[in-house]
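The values are calculated or read from the model by the stated rules, or taken from the named source; none is laboratory data. Keep in mind the model is a prediction, meaning the values are calculated, not measured. Note: ideal-geometry Cβ built from the backbone for every residue, glycine included; neighbour counts use all protein chains shown.
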Amino acid sequence: MTRTNAQIIRKVQRLVDDGWITGIRREQVPTRANAQAFEVDRKFNLVKVNPLATWTDGQVWKCIRDHDVPYNPLHAPCENLRKIRAAGGGSGFEKTECGLHK
């Protein structure tokens, strides 16, 4: 059975009403290393869906290239950024999240 766009939108809307769909990936920073595909966020009383949790940087960029997804050039692959992430955010850098969801 093929789903129509309206059916998909209705299903996603129900999820959005009770949860968040995120772009969290395990390899982004050490604090996300244990991210699961589905998580319960008790602070906000909702379900977080992390469909990209197991994706690597390489998989993300392959998807972007294969599907011609527009992106901000500041997010382009950068060896220095990889080194900073691998070092846990950089020397003396304690911030690990964006701070939007306090």
Any hit, segment 35-56, residues being over 28 Å from Asp18 (Cβ atoms), under 13 Å from the mean Cα position of the chain (by Cα) and either of a type outside the set (Asp, Glu) or not in a loop (DSSP other than H, G, I, E, B) (or both): yes
Near pairs, Cβ below 6 angstrom, 6+ apart or cross-chain, from segment 18-33 (closer than 14 Å to Val60 by Cβ) to any residue that is modelled with pLDDT of 90 or more and not in a loop (DSSP other than H, G, I, E, B): Ile24/Arg32; Arg26/Arg32
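I'd like the full set of residues that are touching a Ser or Thr at 6+ places or on another chain (Cβ under 7 Å) and surrounded by 14 or more Cβ atoms within 10 Å (Cβ to Cβ), limited to segment 21-48. Please lay out each step first, then the result.
Applying the first criterion (touching a Ser or Thr at 6+ places or on another chain (Cβ under 7 Å)) to segment 21-48 yields 26-27, 29, 31, 48.
Listed by number, the residues that qualify are Arg26, Glu27, Val29, Lys48.
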